[in-house]
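The values are calculated or read from the model by the stated rules, or taken from the named source; none is laboratory data. Worth saying up front: this structure is predicted, and the values here are computed from it rather than measured. Cβ atoms come from the backbone with ideal geometry, glycine included; neighbour counts cover every protein chain shown. Note: areas computed on protein heavy atoms with side chains; ligands, DNA, RNA excluded. Shrake-Rupley method; radii C 1.70, N 1.55, O 1.52, S 1.80 Å.
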Number of protein chains: 2
Amino acid sequence: MKVVKFGGSSLSSGEQVKKVLQIVVSDIERKIVVVSAPGKRFASDTKVTDLLIQLGEYFLQEKDVSELFGKIIERYESLAEELHLSSNIVNRIRKDLLCLLERDRSNPERYLEAIKASGEDNNAKLIAAYFRNEGIEAHYINPKDAGLLVTDEYGNAQVLPHSYENLSNLRHQPGILVFPGFFGYTEKGEVATFSRSGSDITGSILAHAVNASMYENFTDVDGVFSVNPHIVSNPKGIRELTYREMRELSYAGFSVFHDEALIPAFRAGIPVNVKNTNNPLAPGTLIVNKRTNQNGPVVGIASDNGFCSIYVSKYLMNREIGFGSRLLGIIEENGLSYEHTPSGIDDISIILRQNQLTSNIEEEVINRIKTELNADEVIVEHDLALIMVVGEGMRHNVGTTARASSALAKVGVNIEMINQGSSEVSMMFGVKEADERKAVQALYEEFFVTVPV
Amino acid sequence: MKVVKFGGSSLSSGEQVKKVLQIVVSDIERKIVVVSAPGKRFASDTKVTDLLIQLGEYFLQEKDVSELFGKIIERYESLAEELHLSSNIVNRIRKDLLCLLERDRSNPERYLEAIKASGEDNNAKLIAAYFRNEGIEAHYINPKDAGLLVTDEYGNAQVLPHSYENLSNLRHQPGILVFPGFFGYTEKGEVATFSRSGSDITGSILAHAVNASMYENFTDVDGVFSVNPHIVSNPKGIRELTYREMRELSYAGFSVFHDEALIPAFRAGIPVNVKNTNNPLAPGTLIVNKRTNQNGPVVGIASDNGFCSIYVSKYLMNREIGFGSRLLGIIEENGLSYEHTPSGIDDISIILRQNQLTSNIEEEVINRIKTELNADEVIVEHDLALIMVVGEGMRHNVGTTARASSALAKVGVNIEMINQGSSEVSMMFGVKEADERKAVQALYEEFFVTVPV
């Protein structure tokens, strides 16, 4: 049994929804279909969810919403028309949305949740109707009836543990189940939405609950690229990567999934397949717990900038028990969160995102480190980029570091920092921001072009 | 004005002491001479200090000490004879030592301190007498009279801050001042010795107090080697290195100085010259605050083994605030001190000396990390060696990492870990212990042989 999730761009028009149907029926294992709200049809288009948020806010501010309301209904109308559905479905959606607008407004945050979530909810109803219209047994599933219970953290709801048992009953329901993404219900029966990429979260939860053999996630790209296409043109795609590799890549610039979206699937060990609705025969990218095939030590290269390092040295620091924790205490007391702490014998560097570091905080931190810890030297280096070279295959591959650092040396990039744990799933290089592009290009050349993978 | 310290092997025989006199008089700046107790004359010989410790312990146990006492006096007799000194000096030493043995034994630790320290004290008297005998104005300086005050931490005494002012008056005393190393006096007037390499500490304190232009430290080697001569035969010597470089080297196998010995000189910015009593014209090794001449990116390579790493991975660790400090809390609560904590995105390794890690503690730590922190994976890797490649010149030298890692790859050594702070005074490689020799040899070959320095 597979759980299949379709993103907004896969559901933006009737033409796209027809592709979705073809995909779902082409594999008998595809039973649970998680849908987003209709997305952009073209670059300057607006997503239905964004229209809904604006609608709710305008209504709260008692602004005129008739034009906005019309725009939203129009999206469903055009879908229904393209899909040859009766106008009943659009009438129901119109009535539903009017009801939502007229609900209790005493808690604006809670009020907006149900309006926001209606994009997915109504789309699921529409798509289930379309499937049935095409002669396929399909049912809209209401998350409340199915028991998808969540905390009342509006906009960042967390799934409650007993949801999994409730949802496992979906296995036994007949036909194709169309489930709206992005939201669940609190124990008081209120709608609460997940965070960013909420439909991915819904799919991941359902895959876990029904113990799916696969969680397929359909988007508008053929899969995950091995490097940022804005830095290297036409980069190779990744066929298979592990959860760990994906995490390391997503840390620095790769935004395949919102980090937390895959936790439920990951914990249940369910493989995730990122596929393209517009090219469903392409194998896409498979995210797994353990990789079997390895085609080179490096699976991907990611980079991110806007980091800085606070370098602290003190003679005999190494023998001063508690120096490290007092140093990190000063960092934390200034509300700073740090990423890494590479250390020498008598020196330690704290790598952090520099947008946290106003010049006031910087001065305060430097002063405290100097006076409270008697440091010999405190130097802040700004504008660093971190480059992650990621691959499970690096673990026992003699010479990967040599290849990476030689590639950087060849193009004249100085390595400001290296951080490599004993895991060797990744190597992290710190370079100056100005060198970021050059460095990523050189590493891509070394690992993906020079030696064919 | 220079402070000149001579180690035990430089004072082990009359022949050696004659060299000391030649060295002192050959440079008019050499005013303060710090002396150790007579050391070994040949490999199987025993240092006078070791004899004295045994003497005191035997006496406390009421064993017969006549043979041991005779052996000690014999050392001074043979020195006096070789140096053509009258027997008065030896008689005074004998009487002094008898007095020390008969002192209050109620606090055995304190009792032993004065006996231990008498090796240096009596040697200073003997050497001052010899200098005078040779027509040179020389004075034995009693640390109590000079005001070298220390804490009462016997065997690990710490200099008290006002000692520096007291000792600064030595600048104005005429002649050459022979000062016994290794001990000072508590405020109650009791002898208290420094830790290991105590005479180095005395010299360093005096250099600071009199604001010496140089602290010369005479031993029996031509200076500091660039690599362990037991791993690479006939390695190059180091002409000049910074305090930081020395510290990084001494961390892993280089035992030039006891770590703390040079703090007073370092804090006052006084250069230290390590020289050879048996080859005083050789330039030796100069330890300075900042190096000017740079003859290659790497100044030395050191290694040490007996490390292990605890690798911890957890999906989304990076977003879990406080994970790092809770992890280190578990480590510290088990009485373990750690060396480094290289980290990836969702993993962190804790590098520590494995002699701390009994199988019980190891099991306890693994269990707690798994249960309290819900880690996905906890793996302990044993028998690691850390290799430090050290040099201030590495900071802005593009390609040093590439050279080092390529050299290791060429001999088939897998790099288990890299830790490089933004300082770039050092690069640390973790390798398997079995690869340590091969790795050090390859790095030496790369940085000291292939490219002439």
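Close amide H partners of residue A:5, meaning residues 5 or more places away or on another chain with modelled amide H under 5 Å apart, are A:34, A:216, A:217, A:218. Dipole size of the protein assembly as shown about its Cα centre, with +1 on Lys/Arg Cβ and -1 on Asp/Glu Cβ: approximately 1240 debye, rounded to the nearest 20. Find the centroid of the Cα atoms in the range A:141-174 and in the range B:137-181, then give the distance between the two in whole Å. Result: 78 Å between the Cα centres.
Expressed as a rounded percentage, what relative contact order does chain A have, with Cα pairs under 8 Å and six or more residues apart? Write out the running numbers ahead of the final one.
Working: 903 pairs, mean separation 57.8, N = 453.
Dividing the mean separation by the residue count of chain A yields 13 percent.
Under the convention that each Lys and Arg Cβ holds +1 and each Asp and Glu Cβ holds -1, the size of the dipole of chain A around its Cα centre is about 1440 debye. Split chain A at each of the trypsin sites (Lys or Arg not before Pro) in a DSSP loop with at most 12 other beta carbon atoms within 10 Å, and the longest piece is A:291-453.
A cut-off of 5 Å between modelled amide H atoms, ignoring neighbours fewer than 5 places along the same chain, links residue B:194 with B:157, B:183, B:184. Surface exposure of the range B:2-220, expressed per residue as accessible area with a 1.4 Å probe, stands at 43 Å². Residues of the range B:343-361 whose accessible area, computed with a 1.4 Å probe over protein heavy atoms, drops by at least 10 Å² once all protein chains are present relative to their chain alone are B:343, B:344, B:345, B:346, B:347, B:349.
In chain B, the longest principal axis of the Cα atoms and the axis of helix B:359-372 are about 50 degrees apart. The stretch between residue A:28 and residue A:67, if pulled fully straight at 0.36 nm per residue, gains 9.8 nm over its current Cα-Cα span.
Interface residues of the range A:216-246, defined as a loss of at least 50 Å² in heavy-atom accessible area between the chain alone and the complex of all protein chains with a 1.4 Å probe, are A:244. Surface listing: B:81, A:109 arranged by accessible area from highest to lowest gives B:81, A:109, probe 1.4 Å. Think of it as helices only: each DSSP H run of n ≥ 4 in the protein assembly as shown is worth -39500 (n - 2.57), and spread over all residues that comes to -11000 deg cm²/dmol at 222 nm. Helix A:108-133 and the longest principal axis of the Cα set of chain A meet at an angle near 60°. Counting only DSSP beta bridges whose two residues both lie in chain B, roughly 60 percent are antiparallel.
The distance between label points at residue B:371 and residue A:107 comes to 3.8 nm (points 7 Å beyond Cα on the Cα→Cβ vector). Calculate the length of the line joining the C-alpha centroid of the range B:310-389 to that of the range B:54-89, in whole Å. So the separation of the two Cα centres works out to 53 Å. In the range A:327-342, the residues that give up 40 Å² or more of accessible area when the other protein chains are added, compared with the chain on its own (1.4 Å probe), are A:340.
Taking the alpha carbon gyration tensor of the range A:2-220, what are the square roots of 5 times its eigenvalues, largest first, to the nearest whole Å? Write out the running numbers ahead of the final one.
Working: eigenvalues 130, 97, 40 Å².
Equivalent-ellipsoid dimensions as semi-axes: 25, 22, 14 Å.
For peptide A:373-379, compute the average count of partner chain beta-carbon atoms within 10 Å of each residue's beta-carbon. Could you put the intermediate results ahead of the total?
Numbers: counts 0, 0, 0, 4, 2, 0, 2.
Going residue by residue through A:373-379 and averaging, the value is 1.
Using the alpha-carbon atoms, what tilt in degrees (0 to 90, nearest 10) does helix A:198-209 show relative to the longest principal axis of chain A? Rounded to the nearest ten degrees, it is 80.
Using r as the Cβ-Cβ distance of residue A:162 and residue A:211, and R0 as 25 Å, what FRET efficiency do you calculate, to the nearest 0.05? Can you show the working numbers first?
Details: r = 16 Å, r/R0 = 0.65.
Between residue A:162 and residue A:211 the formula returns 0.95.
In this structure the range A:300-450 gives 34 Å² per residue of accessible area when probed at 1.4 Å with all protein chains present. If the cut-off is a Cα-Cα distance under 17 Å, which aspartates and glutamates reach residue B:71, setting aside same-chain residues fewer than 8 apart in sequence? Result set, ordered by chain and number: B:45, B:50, B:57, B:81, B:82, B:96, B:120.
Taking a ≥ b ≥ c as the square roots of the eigenvalues of the alpha carbon gyration tensor, the protein assembly as shown is prolate, as a/c is not under 1.5 and a/b beats b/c. Ligands, DNA and RNA left out, the 1.4 Å accessible surface of chain B is 48% carbon and sulfur atoms. Of A:417, A:136, A:301, which is farthest towards the positive pole of chain A's charge dipole, taken about the Cα centre with +1 and -1 on the beta-carbons of Lys, Arg and Asp, Glu respectively? Checked the options; the winner is A:136.
Inter-chain neighbour count for B:425-431: the average number of beta-carbon atoms from partner chains within 10 Å of each residue's beta-carbon is 3. Only protein heavy atoms count here, probed at 1.4 Å, and on that basis chains B and A bury about 5000 Å² of accessible area in total.
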